[in-house]
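Enquirer: I'd like to ask some things about the structure below.
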Amino acid sequence: MSFGADLLIPEIYQLLVILALFIQTLRESNEGPPAVWPFWVAGAGVLVAFFALGSNGLLFWGSYRIDGLSQFFKLAVALGFFITMFNARNQPSLQETKRADYNLFFALSVWGLMLLSSAVELMTVYIALEISSYSLYALIPLRANSKEAAEAGIKYILFGAVVTAVAMYGFSYVLATQGTTYIAELAGKPWSFQAAPLAVIGLTLFLGGLFYKLALFPFHFWCPDVYEGASNETAAYAATLPKLGAVVVLVRLAGLLKPGLEITTILAVLGAVSMTFGNISALVQKDVKRILGYSSVAHAGYVMLGLVAGTAAGLAAASFYSLVYLLMNLTCFWVLCRLSDDGRNINVEDLNGLYRRSPALAFVLAVSAFALVGLPPTAGFMGKLFLLSAAWERGYNWLVIIAVLNTAISIYYYLNLVRHAYTCDSEVEEVRYVSRGNLLFGGILASAVLLLGTVPGPVFQYALKAGRQLLPAPMITSEKKEISVNTTCSTEKKDREVGPKGSF
């Protein structure tokens with residue numbers, strides 16, 4: 001077994017953070033203001049993950065890969081952890097004696113997601129997935145005097161246990177039929193229903209565990225209830241970071257799939273149903289967190305566009321969109337956390353007249369809503385454009401059409417939030433005070449969403465490079481040839497239409 005500590009700097013740093021938070025939980029007294037050092041330590045973790053972007057290597061008997069994809073997602077996870085810790089600094093619905101444990105569980109879940117980013121063997125994937133999930137089982141019920149939070153925690157645990165059992169059952173089928181659990185070796189195995197029916201069934205069942213984290217239909221049933229029952233700060237985490245872990249594994253497994261295979265068709269159909277069901281269900285919701293819950297079901301369907309494409313561009317689009325979704329969703333939750341001083345849930349009517357009470361909050365909410373719809377010049381527009389282009393080029397025209405129609409449906413409930421904030425009068429005219437630090441942080445989040453929409457090139461190119469590393473060389477070559485042939489054919493067509501220079 002080879003071991004290089006220099007390749008594991010983000011994971012080791014996160015372990016040190018966990019150790020420091022564990023020591024804090026052992027203190028006898030938790031009196032006084034909340035400690036601010038976990039927030040700054042999380043911010044330093046973003047820098048650590050950024051400087052580790054160029055690392056490459058294979059560890060632990062080939063089950064743990066450090067590459068461009070893993071480092072990309074570790075940076076995204078570290079960024080999400082930083083934003084989450086900022087939101088959770090002054091959570092009003094949390095008992096002060098439990099604050100240290102609350103931060104510790106966040107850090108443990110983040111560490112599991114980092115392990116998941118580099119896992120390239122199915123059992124390693126399962127273990128990392130469970131490490132990231134166990135902390136959420138304890139975090140979701142942590143909402144003072146809330147029966148809804150307890151109910152949400154029970155639902156999440158019970159449904160998670162069932163899905164885990166289904167995933168392990170599928171794992172046994174894959175191991176029995178294919179003889180290996182390493183993703184690199186599975187890529188060379190047959191995955192058609194005619195050649196390996198049990199393997200297709202097994203992989204589909206195993207993917208159910210990832211679909212549960214992604215809230216993809218029909219594994220979405222926990223999502224709106226958990227979002228509504230959990231505290232605003234916990235829901236912000238559960239709505240974003242666990243989905244990054246699911247996407248990175250799905251991106252790695254997408255290298256096994258090619259257009260026309262039965263399992264690829266299943267993913268495409270689930271994606272179409274998920275985006276349609278999520279958007280239609282969100283239309284009738286009044287609780288903003290339930291709206292975002294059904295919205296996440298729809299966004300899980302959008303991610304399927306890149307995964308079923310199976311090309312480097314498709315995998316890069318799925319990775320890029322997961323980062324974009326993290327930013328625009330956490331930006332929206334940031335507004336909810338600032339509006340809810342007492343920790344209550346925010347309804348759409350509570351947004352009435354927000355532009356008078358707090359113009360800054362109204363602006364940040366508008367930016368996040370426009371991004372979630374996919375309107376230019378936000379990051380959501382570029383993310384959806386990359387996904388639609390990748391799916392269209394691989395012949396999934398019907399799926400692209402469904403995605404476009406669903407984007408049109410989502411305009412109603414996303415822009416309805418903006419309508420309430422800017423055009424509806426409110427009985428409460430009290431100006432809402434927001435500290436300068438909060439205003440600065442909200443401005444940075446909104447700027448990041450706009451910046452990725454106007455200058456997406458550097459981030460997408462890095463994701464594209466990482467996606468090409470996952471695909472076999474023949475597939476990349478054929479992809480480049482296909483682009484070249486399409487370009488040549490379009491040029492010849494123009495020559496035939498225009499004719500020689502100077503002719504009519």
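The values are calculated or read from the model by the stated rules, or taken from the named source; none is laboratory data. In this text the structure is predicted, and so the values were computed from the model without any measurement. Glycine gets a Cβ as well: all are built from the backbone with ideal geometry, and neighbour counts include every protein chain shown. Each accessible area value is taken on the protein alone, full model and side chains, heavy atoms only, with ligands, DNA and RNA left out. Shrake-Rupley method; radii C 1.70, N 1.55, O 1.52, S 1.80 Å.
Enquirer: Which residues, taken from segment 49-77, are under 20 Å from TYR126 (Cβ atoms) and without any contact (Cβ under 8 Å) to a residue 24 or more places away in the chain?
Expert: The answer is none; no residue qualifies.
Enquirer: For a quick check of your reading of the model, give me the residue pairs whose first member lies in segment 185-198 and is surrounded by fewer than 13 Cβ atoms within 10 Å (Cβ to Cβ), whose second is assigned to a helix (DSSP H, G or I), with beta-carbon atoms closer than 9 Å and at least 6 apart or on different chains.
Expert: Correct list of pairs: GLN194/GLU262.
Table: residues versus (1) at pLDDT 85 or above; (2) over 27 Å from PHE460 (Cα atoms); (3) surrounded by fewer than 24 Cβ atoms within 10 Å (Cβ to Cβ).
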position	(1), (2), (3)
VAL269	yes, no, yes
ALA300	yes, no, no
GLY314	yes, no, no
PHE320	yes, no, no
PHE333	yes, no, no
ASN345	no, yes, yes
ARG357	no, yes, yes
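Enquirer: Do you know which residues across segment 373-393 are charged (D, E, K, R) and buried (at least 22 other Cβ atoms within 10 Å of the Cβ)?
Expert: Listed by number, the list holds a single entry, LYS384.
Enquirer: Scan segment 244-260 and tell me whether some residue there is open to solvent by 20 Å² or more (accessible area, probe 1.4 Å), more than 25 Å from ILE140 (Cα to Cα) and assigned to a helix (DSSP H, G or I).
Expert: The answer is no, given that none of the residues of segment 244-260 is open to solvent by 20 Å² or more (accessible area, probe 1.4 Å), more than 25 Å from ILE140 (Cα to Cα) and assigned to a helix (DSSP H, G or I).
Enquirer: Can you tell me which of PHE22, PHE82, PHE72 is at pLDDT 85 or above, of a type in the set (Phe, Trp, Tyr) and over 21 Å from ILE444 (Cα atoms)?
Expert: PHE22
Enquirer: Name the single residue, out of those in segment 133-177 being polar (S, T, N, Q) and modelled with pLDDT of 80 or more, that is surrounded by the fewest Cβ atoms within 10 Å (Cβ to Cβ).
Expert: Among those that are polar (S, T, N, Q) and modelled with pLDDT of 80 or more, it is SER172.
Enquirer: If a residue must be surrounded by 24 or more Cβ atoms within 10 Å (Cβ to Cβ), under 18 Å from VAL335 (Cβ atoms) and not hydroxyl-bearing (Ser, Thr, Tyr), how many such residues does segment 220-242 contain?
Expert: Of the residues in segment 220-242, 7 are surrounded by 24 or more Cβ atoms within 10 Å (Cβ to Cβ), under 18 Å from VAL335 (Cβ atoms) and not hydroxyl-bearing (Ser, Thr, Tyr).
Enquirer: Shifting gears a bit: Enumerate the helices (runs of 4 or more DSSP H) found wholly within segment 124-225, keeping only those where 2 or more residues are touching an Asp or Glu at 6+ places or on another chain (Cβ under 8 Å).
Expert: Of the helices (runs of 4 or more DSSP H) lying wholly inside segment 124-225, those with at least 2 residues that are touching an Asp or Glu at 6+ places or on another chain (Cβ under 8 Å) span 147-178.
Enquirer: Test LEU15 against the criterion of being surrounded by 14 or more Cβ atoms within 10 Å (Cβ to Cβ) and at pLDDT 85 or above, and give yes or no.
Expert: yes
Enquirer: Give segment 273-283 a look and list any residue that's part of a helix (DSSP H, G or I), open to solvent by 10 Å² or more (accessible area, probe 1.4 Å) and of a type in the set (A, V, I, L, M, F, W, C), or say none.
Expert: Matches in segment 273-283: VAL273, PHE277, ILE280.
Enquirer: Now, a different point. Report the residue count in segment 73-104 for those that are among the polar types (S, T, N, Q), surrounded by fewer than 21 Cβ atoms within 10 Å (Cβ to Cβ) and part of a helix (DSSP H, G or I).
Expert: Number satisfying all stated conditions: 1.
Enquirer: Of LEU129, LEU116, LEU104, LEU94, which residue is in contact (Cβ under 8 Å) with a residue 24 or more places away in the chain, within 18 Å of SER55 (Cα to Cα) and out of contact with any His (no Cβ under 8 Å at 6 or more places or on another chain)?
Expert: Sole residue among the options that is in contact (Cβ under 8 Å) with a residue 24 or more places away in the chain, within 18 Å of SER55 (Cα to Cα) and out of contact with any His (no Cβ under 8 Å at 6 or more places or on another chain): LEU116.
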